[in-house]
Amino acid sequence: MTPLLSYLTPVFPQTEAHPAFFLDRDDTLIPDLPYRNTPEGMELYPNAGEALRLLRQAGYRLILLSNQSGIGRGRITLPQLDAVHKRMEELLANEGVQLDASYYCPHNKDEGCPCRKPATGLYDAAIRDFNTLQNGSAMAGDRSGDLRLAKAVGLHAIQIKTATQEILPEAECVVPDLLAGANWLLDFQGACRP
C-alpha cells in the first residue's frame, strides 16, 4: 500500500538539505469536517498562513501528512479529494505561501496500512522525495497519531489544541494554533506544556 502524493513543487532545490515542518490537515490547518468531500465553505484556521510564511522564511520545507480514510471507506472519491486540495492550495496562495508536498493515506484504519499515521509511511515517502534535516524538524497535529509519528521518527511533536483540550502525553509542545507552534519552533526553548 502506498500513499497518495497529490502535489510536489519543491520551493528549495532538492540538493539542499532543509529542516521540515510536517503538518496534519484537518483541525490543524483547516477546521475538520468529517469526510470533507467538497471545497465549499473551507477556510484556513486564523494565523495558519502567517505561521507557514514564517517557517518558509526561516528555510523550512512545508509538507502535509494526512490520513484520509474516507477514500477507503467509499465516502470520498479521489476527484473530490483533489478538489478539496486545490481549494486549500488557493487559500494558502492567497496568504502568500505554498506547500512543498501533500501526502495522503487513503486507507481505512482496519487495513493495517504502513502509511496511515501513526505508522511512518507518509513520513518515509516525504524524506525519500526531499532532502530534509532531522535537526529542527517538527510534526504538528491535533491527534495522538500525529504526535506518535513525530516521536517515532525523532521530530519535535507539537500538539495543536483544536480538536481536544486534553493534553496528549506524546506532545513536546502544546499550543492553541499553528502560529504559536511555529513561533515555539523558531525560538526553540525546550518543552512548552501548560
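The values are calculated or read from the model by the stated rules, or taken from the named source; none is laboratory data. Keep in mind the model is a prediction, meaning the values are calculated, not measured. Cβ coordinates were reconstructed from backbone atoms using ideal geometry, including for glycine residues, and neighbour counts include every protein chain displayed.
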Open item on the list: Tell me whether segment 91-99 contains one or more residues that are crowded, with 18+ Cβ neighbours inside 10 Å, in a loop (DSSP other than H, G, I, E, B) and under 17 Å from the mean Cα position of the chain (by Cα).
Closed with: yes
- [ ] Find the residue count for segment 45-66, including only residues that are part of a loop (DSSP other than H, G, I, E, B) and out of contact with any strand residue (DSSP E or B) (no Cβ under 6 Å at 6 or more places or on another chain).
- [x] 4
Task: Single condition Met42 does not satisfy, out of (1) in contact with a Lys or Arg (Cβ under 9 Å, 6 or more places away or on another chain); (2) buried (at least 19 other Cβ atoms within 10 Å of the Cβ); (3) of a type in the set (A, V, I, L, M, F, W, C) - done: (2)
Task: Residue among Gln165, Gln159 that alone is polar (S, T, N, Q) and either part of a strand (DSSP E or B) or touching a Ser or Thr at 6+ places or on another chain (Cβ under 7 Å) (or both) - done: Gln159
TODO: Quick one: in segment 11-32, of everything that is within 16 Å of the chain's Cα centre (by Cα) and surrounded by fewer than 18 Cβ atoms within 10 Å (Cβ to Cβ), which residue is modelled with the highest pLDDT?
DONE: Pro31
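Report whether or not Asn135 is surrounded by 17 or more Cβ atoms within 10 Å (Cβ to Cβ) and among the polar types (S, T, N, Q).
no
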Open item on the list: Tell me whether segment 101-114 contains one or more residues that are outside any helix (DSSP H, G or I), at pLDDT below 90 and either of a type in the set (Gly, Ala, Ser) or within 16 Å of Leu149 (Cα to Cα) (or both).
Closed with: yes
